[in-house]
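Only one structure is covered here, and it is reproduced in the block below.
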Amino acid sequence: SRSGHVRLAVHDVQGRLVRTLVDQDAAAGTFVASWDGRGEDGSRASHGVYFARLTSPVGGDSRKLPVVR
């Protein structure tokens with residue numbers, strides 16, 4: 001609903017950053033981002049639960065991302 005800086009990152013259950021998917025200024029509206037199950041270094045994330053954390057000018061949200069191999 002408002003343009004501004006948007007950050008979408010994947011974290012493990014310990015809160016450690018696994019990968020940053022989006023970290024940019026964005027126009028108001030919707031967009032789609034996907035995670036290929038890899039970390040910043042390109043290695044595959046192990047099975048378990050991860051969290052996608054979104055922060056934007058209007059607030060934030062977090063969602064569980066189960067990874068099954």
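Quick check: anything in the stretch 16-39 part of a strand (DSSP E or B), modelled with pLDDT of 95 or more, of a type in the set (Val, Ile, Thr) and under 13 Å from GLY4 (Cα atoms)?
The answer is yes, given that some residue of the stretch 16-39 is part of a strand (DSSP E or B), modelled with pLDDT of 95 or more, of a type in the set (Val, Ile, Thr) and under 13 Å from GLY4 (Cα atoms).
Across the stretch 40-64, what is the number of residues that are within 14 Å of the chain's Cα centre (by Cα), among the aliphatic types (A, V, I, L, M) and part of a loop (DSSP other than H, G, I, E, B)?
Of the stretch 40-64, the ones within 14 Å of the chain's Cα centre (by Cα) are 40, 45, 49-56, 60-64.
From what is left, the residues that are among the aliphatic types (A, V, I, L, M) are 45, 49, 52, 54.
With part of a loop (DSSP other than H, G, I, E, B) added as a condition, the list becomes 45.
So the count comes out to 1.
For the stretch 27-37, which positions are within 21 Å of VAL58 (Cα to Cα) and either touching a Lys or Arg at 6+ places or on another chain (Cβ under 9 Å) or surrounded by 15 or more Cβ atoms within 10 Å (Cβ to Cβ) (or both)?
The one that is within 21 Å of VAL58 (Cα to Cα) and either touching a Lys or Arg at 6+ places or on another chain (Cβ under 9 Å) or surrounded by 15 or more Cβ atoms within 10 Å (Cβ to Cβ) (or both): ALA28.
In the stretch 44-61, what residues are of a type in the set (S, T, N, Q) and open to solvent by 60 Å² or more (accessible area, probe 1.4 Å)? Show your work before the answer.
Looking only at the stretch 44-61, we keep the residues that are of a type in the set (S, T, N, Q), and these are 46, 55-56.
Matches in the stretch 44-61: SER46, THR55.
Can you tell me which residues in the stretch 1-19 are touching a Ser or Thr at 6+ places or on another chain (Cβ under 6 Å) and open to solvent by 40 Å² or more (accessible area, probe 1.4 Å)? Break it down stepwise before answering.
Going residue by residue through the stretch 1-19, those that are touching a Ser or Thr at 6+ places or on another chain (Cβ under 6 Å) are 6-7, 9.
Hit for the stretch 1-19 is ARG7, nothing else.
In the set VAL22, VAL67, which member is more than 11 Å from the chain's Cα centre (by Cα), surrounded by 10 or more Cβ atoms within 10 Å (Cβ to Cβ), at negative phi and not basic (Lys, Arg)?
Details: VAL22 fails: more than 11 Å from the chain's Cα centre (by Cα).
Selected residue: VAL67, the only one of VAL22, VAL67 that is more than 11 Å from the chain's Cα centre (by Cα), surrounded by 10 or more Cβ atoms within 10 Å (Cβ to Cβ), at negative phi and not basic (Lys, Arg).
The values are calculated or read from the model by the stated rules, or taken from the named source; none is laboratory data. The shown structure was predicted, so the numbers you read here are calculated from the model rather than taken from an experiment. For neighbour counting, all protein chains shown are included, and Cβ atoms are generated from backbone atoms with ideal geometry for every residue, glycine included. Quick note on the areas: whole protein, heavy atoms, side chains included, nothing else; ligands and nucleic acids left out. Shrake-Rupley method; radii C 1.70, N 1.55, O 1.52, S 1.80 Å.
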